[in-house]
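Undergrad: The structure under discussion is supplied below as C-alpha cells; questions concerning it will follow.
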Amino acid sequence: MSSSTGPGSGLPVRMPRPRQSGRHRRPEPVSAPEGAPVLVLAVPGTPSAEARSLAEEVVSIARAELPGLHAVVAFTEGTGEEYPALQDVLTEVTAGRVESPDEPPAVVVPLLAGPDSVQLRALRQAVLNSGSGAALTEVLGPHPLLAEAVHVRLSEAGLARADRARLFTVATAADGIILATVGGEEAEQAAGITGMLLSARLAVPVLTAGVDTEGSVGAAARQLMESGSQQLALAPCLIGPEVPEGLLAAAAEEAGCAMAEPLGAYPSVGKLVLSAYTGHLGIQPQPATAH
C-alpha cells in the first residue's frame, strides 16, 4: 500500500536531479549567436570528390559542437558548382549581409595542420580578391589534439599501442617515428612541436621531415636508425587534401618503412576548425582535451 508521499513497497523514489552549482557545474550548451559570421572551410590542393567528402565531414563535426553554426566548404583551387572556388564563395555568402563594425561577414578557416607558406599565400590572395572583408584564421596546428590524432592513426595501422596504460605490446609497433609534413621549413618547425607531444605519448623518438623537401625523409630515417631505432613508421601530420597524390607513399618507400593514414576527418580536426572560428567571436564551446 502506498502512502501519500510515495510507494510503500520499499522501492526507491526517483527524484529530479538537482542543478549543480559551483566549480563542478556542467557547462550550459552554447549555440552560435544569431547573425554570426559564416564559417568558410578552405580546402587546399587539387579538388576531388574525396576531398569534398572529407571537408563536409569536418564541417559536420563542427556543427555538432556548435548548434546553429552556418558553415560552407570552398576550394582554393576550385572551379564550378561541384568544387566552388573560395573567392566566389566569399562573394556569395557576404552578399546582402549587414556589415557589423565588430565582426567580419565570414571567417575563413584553412584546412591545414601546419603553416604551408604556398597554400596560405593563395588563401590570403583569394580572400583579398573577394573584397568581402572576411577574416582568415591561423592554421590548426601545432596542438595537442593533433598529436592525439596522429597517435590514433598509428594505432589503427598497427604501428603503435592505442593506450600506453595497457600492459600489452604490438608486434609491429614502431620504435622511431618520422612525422611527415609539407610547406617548407616553417611547417617543419611547427610540426616539431606536435612531434614532441607525440613522442611523450608514445615514449619513442620522433623526427619531423618535409615530404616535399628532397632528402628530408631519408635524412630523418638515417638519424633515427643511427640513434638505435630499428623499426620506423611514417606518420603524416597532414589532413590529406594538401598533399599531392603519391607523395606520402614515395616518402614511405624512401624511408623503407610502413605508413599511417593522414588525419582526415578525425573528430579533433573538426573541433580545431571550430576553435579557430570561435576565436574570432568570443564564444567558447566546451573545450575538447587530448586523451
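The values are calculated or read from the model by the stated rules, or taken from the named source; none is laboratory data. These numbers were taken from a predicted model, which means no experiment stands behind them. Here the Cβ positions follow ideal geometry from the backbone for every residue, glycine too, while neighbour counts run over all protein chains shown. Side chains are part of the model used for accessible areas, which takes the heavy atoms of the whole protein and leaves out ligands, DNA and RNA. Shrake-Rupley method; radii C 1.70, N 1.55, O 1.52, S 1.80 Å.
Undergrad: Would you check if SER216 is over 30 Å from VAL59 (Cβ atoms), out of contact with any Pro (no Cβ under 8 Å at 6 or more places or on another chain) and surrounded by 15 or more Cβ atoms within 10 Å (Cβ to Cβ)?
TA: Working: over 30 Å from VAL59 (Cβ atoms): yes; out of contact with any Pro (no Cβ under 8 Å at 6 or more places or on another chain): yes; surrounded by 15 or more Cβ atoms within 10 Å (Cβ to Cβ): yes.
Taking the combined requirement at face value, the residue satisfies it.
Undergrad: Pull out all pairs, ordered by first then second residue, where Cβ-Cβ is under 6 Å, the residues are six or more apart or on different chains, the first lies in segment 194-215 and is closer than 15 Å to ALA180 by Cα, and the second is acidic (Asp, Glu).
TA: THR208/GLU188; GLY210/GLU188
Undergrad: For segment 250-286, which residues satisfy the criterion of being among the charged types (D, E, K, R) and assigned to a loop (DSSP other than H, G, I, E, B)?
TA: GLU261 - this is the single residue of segment 250-286 that is among the charged types (D, E, K, R) and assigned to a loop (DSSP other than H, G, I, E, B).
Undergrad: Something else: Residues GLY192, GLY158, GLY218, GLY114: which one is within 25 Å of LEU90 (Cβ to Cβ), modelled with pLDDT of 90 or more and not in a strand (DSSP E or B)?
TA: GLY114
Undergrad: Follow-up. Would you check if there is a residue in segment 130-137 being open to solvent by 70 Å² or more (accessible area, probe 1.4 Å) and among the hydrophobic types (A, V, I, L, M, F, W, C)?
TA: no
Undergrad: Still on this structure, I have one more. For segment 44-81, enumerate the residues that are of a type in the set (A, V, I, L, M) and not in a strand (DSSP E or B).
TA: Matches in segment 44-81: ALA49, ALA51, LEU54, ALA55, VAL58, VAL59, ILE61, ALA62, ALA64, LEU66, LEU69.
Undergrad: So which residues in segment 218-251 are touching a helix residue (DSSP H, G or I) at 6+ places or on another chain (Cβ under 8 Å) and free of Cβ contacts under 8 Å to residues at least 60 places away in the same chain?
TA: GLY218, ALA220, ALA221, LEU232, LEU234, listed by residue number.
Undergrad: Only one residue in VAL243, VAL204 is closer than 20 Å to SER155 by Cβ and among the β-branched types (Val, Ile, Thr). Which one?
TA: Working: VAL243 fails: closer than 20 Å to SER155 by Cβ.
None of the other options fit; the residue is VAL204.
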